[in-house]
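Participant: Take this structure first; my questions come after.
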Amino acid sequence: MLPGTTGSNAGAGSGQQTTLGVMGGGQLGRMFVQAAQAMGYFTVVLDPDVISPAGLVSHYHIQADYLDEQGLAQLMQRCAAITTEFENVPAPALITLGAHRPVAPSAEAVGIAQDRIKEKAHFVRCGVPVAPYAVIETPTQLAEVADDLLPGILKTARLGYDGKGQARVNNRAELDAAWAEMKNVACVLEKLLPLQMECSVIVARGWDGACVNFAPQLNLHRDGILAVTQAYEGNMAPALVQQAVKATKSIANELQYVGVLCVEFFVLQDGAAAAQTLGTLIVNEMAPRPHNSGHYTLDACDLSQFELQVRTLAGLPLVQPRQHSPAIMLNLLGDLWAGGVSPPWHQVLALPGAHLHLYGKLKASKGRKMGHLTITGATVAEVRATALAAARLLGIDPF
Ligand code: ADP
Ligand code: MG
């Protein structure tokens, strides 16, 4: 499905442009829309908010609830194919859309990714190790939790993000209190693991099963929110890179996944203690969409994660992306606008290789993702030095 052709409506002078749709109007939708438009597509965003980062830049914005029948009907009428930009789009909406239009990723894949219980079962099915965990849906299951899962992290099965819907618990009393606090919704309790580092792998898989990948990114989280992503050769041991890419591809293949998928991993400290030994790779979670840790691909690669999302959706060829520059990405959270004062952009943009992306959000609040800054350069040492200088200017802690 190429831009400028709409199946049977193809052809010059028909006045028909191929239109791609996205469920959700956040920053990921915005960057998808921008990539689609660069390739000549028209775009539609469905989002309930009057003003949203993606709605602001899309040709069309359908302002409706995700389950609104009329809104979904309009979306299908306008679009040749539809994707999603966040995992909490209700699966029934994707089922409705999928009955009439190509939808990628599928309702089934999104349904698995949005439920930690199903997600973990899928990882186990793929033979990729997960943190020791227990499902807690009933008081009996709560009482039967094994002692060695404590201290642990209680996570709601659904609707968690950026560390929300989670509680660290040291003992049974805290676990009981945390589950009550979460209104006894379905949860998983995960053993708290000693992390050496965190990384993620982004793949794009087409309708024909072709699968391409970016190299693993090294991710630093602060307060449960991604703070810094480091993407360059040598950021991780080659054997870990291989393991993480292989695991991600098997997770995508087993789902018959179509679209861009990001899988987050932990590397445990067990290897760090014994010099030369690799830490154990554990899968944490997956996102059925482009991911914050892949934003550097916009500036450091010949194909971005968003362009690959467009290509998968439109059935265009997938080629292996090539990273041409080492890169470090800093997330710009609302905290940087404290007191309503904007960060010192003049100084930041005077740094070589600084690429500023702001999402058009009108209100800054603590922890809210307002934008990101990617630093590219000729060498890793140069990129690190510049990224640390940018962090200093912005008041972001060094890494
Ligand atoms: P979210 O959906 O909010 O991203 P995650 O499950 O990825 O939730 O958890 C957020 C962060 O919390 C992780 O990136 C990691 O830093 C930390 N974390 C989560 N689970 C564990 C665990 N089992 N052991 C140690 N740290 C964890
Ligand atoms: Mg996460």
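The values are calculated or read from the model by the stated rules, or taken from the named source; none is laboratory data. Keep in mind the model is a prediction, meaning the values are calculated, not measured. Heads up, the Cβs are rebuilt from the backbone with ideal geometry, glycines too, and the neighbour counts pull from every protein chain shown. Surface areas here come from the heavy atoms of the whole protein model, side chains and all, with no ligands, DNA or RNA. Shrake-Rupley method; radii C 1.70, N 1.55, O 1.52, S 1.80 Å.
Participant: Kindly list the number of the only condition in (1) closer than 26 Å to CYS79 by Cα; (2) under 15 Å from the mean Cα position of the chain (by Cα) that fails for ASN219.
Facilitator: Result: ASN219 passes all but (1).
Participant: Let me ask something else. When region 81-90 is examined, which residues are found to be surrounded by 19 or more Cβ atoms within 10 Å (Cβ to Cβ) and farther than 11 Å from VAL22 by Cα?
Facilitator: Hit for region 81-90 is GLU87, nothing else.
Participant: Could you pull out the residue among GLY152, GLY163 that is surrounded by fewer than 18 Cβ atoms within 10 Å (Cβ to Cβ) and either within 16 Å of ligand 2 (Cβ to nearest atom) or modelled with pLDDT of 95 or more (or both)?
Facilitator: One residue alone meets the criteria, GLY163.
Participant: From the list GLN269, GLN242, pick out the single residue that is within 16 Å of ligand 1 (Cβ to nearest atom) and open to solvent by 20 Å² or more (accessible area, probe 1.4 Å).
Facilitator: GLN269 is the lone residue from the list that is within 16 Å of ligand 1 (Cβ to nearest atom) and open to solvent by 20 Å² or more (accessible area, probe 1.4 Å).
Participant: Another question, then. So which pairs qualify, if the first residue must be in region 57-68 and open to solvent by 40 Å² or more (accessible area, probe 1.4 Å), the second must be aromatic (Phe, Trp, Tyr), the Cβ gap must be under 8 Å, and the two must be at least 6 apart or on different chains?
Facilitator: Close Cβ pairs satisfying both conditions: HIS59/PHE42; TYR60/PHE42.
Participant: Looking at GLN256, GLN320, can you tell me which residue is at positive phi, outside any helix (DSSP H, G or I) and away from ligand 1 (no atom under 16 Å from the Cβ)?
Facilitator: One residue alone meets the criteria, GLN256.
Participant: Let me ask something else about it. Yes or no: region 366-376 includes at least one residue that is among the small types (Gly, Ala, Ser), within 30 Å of VAL212 (Cα to Cα) and outside the structural domain of GLY26 (by TED's automatic domain parsing).
Facilitator: For region 366-376, residues among the small types (Gly, Ala, Ser), within 30 Å of VAL212 (Cα to Cα) and outside the structural domain of GLY26 (by TED's automatic domain parsing): present.
Participant: Does region 220-233 contain any residue that is away from ligand 1 (no atom under 16 Å from the Cβ), without any contact (Cβ under 8 Å) to a residue 24 or more places away in the chain and either in a strand (DSSP E or B) or open to solvent by 20 Å² or more (accessible area, probe 1.4 Å) (or both)?
Facilitator: no
Participant: Right, another one. Could you please find all residues in region 287-303 being more than 25 Å from HIS122 (Cα to Cα) and surrounded by fewer than 24 Cβ atoms within 10 Å (Cβ to Cβ)?
Facilitator: Correct list: LEU298, ASP299, CYS301, ASP302, LEU303.
Participant: May I ask you to list the residues in region 198-211 that are open to solvent by 10 Å² or more (accessible area, probe 1.4 Å) and more than 10 Å from ligand 1 (Cβ to nearest atom)?
Facilitator: ARG205, TRP207, ASP208, GLY209, ALA210, CYS211
Participant: Which of (1) more than 16 Å from ligand 2 (Cβ to nearest atom); (2) open to solvent by 20 Å² or more (accessible area, probe 1.4 Å); (3) aliphatic (A, V, I, L, M) does LEU308 not meet, given it meets every other one?
Facilitator: The single condition LEU308 does not satisfy is (2).
Participant: Tally up the residues in region 134-147 that are more than 10 Å from CYS187 (Cα to Cα) and open to solvent by 70 Å² or more (accessible area, probe 1.4 Å), please.
Facilitator: Summing the residues that are more than 10 Å from CYS187 (Cα to Cα) and open to solvent by 70 Å² or more (accessible area, probe 1.4 Å) in region 134-147 gives 5.
Participant: Within region 148-169, does at least one residue satisfy the condition of being among the hydroxyl-bearing types (Ser, Thr, Tyr), within 24 Å of the chain's Cα centre (by Cα) and not assigned by TED's automatic domain parsing to the domain that holds SER250?
Facilitator: Yes, the conditions are met somewhere in region 148-169.
Participant: Keeping to region 142-192, report how many residues are under 23 Å from ILE282 (Cα atoms) and of a type in the set (S, T, N, Q).
Facilitator: 3
Participant: Further question: If we only count helices (runs of 4 or more DSSP H) wholly inside region 113-189, which ones have 2 or more residues that are among the hydrophobic types (A, V, I, L, M, F, W, C) and either within 11 Å of ligand 1 (Cβ to nearest atom) or touching a strand residue (DSSP E or B) at 6+ places or on another chain (Cβ under 7 Å) (or both)?
Facilitator: 116-125, 172-181
Participant: If you scan region 335-350, which residues turn out to be open to solvent by less than 50 Å² (accessible area, probe 1.4 Å), farther than 18 Å from THR376 by Cβ and part of a helix (DSSP H, G or I)?
Facilitator: Scanning region 335-350 gives LEU336, TRP337.
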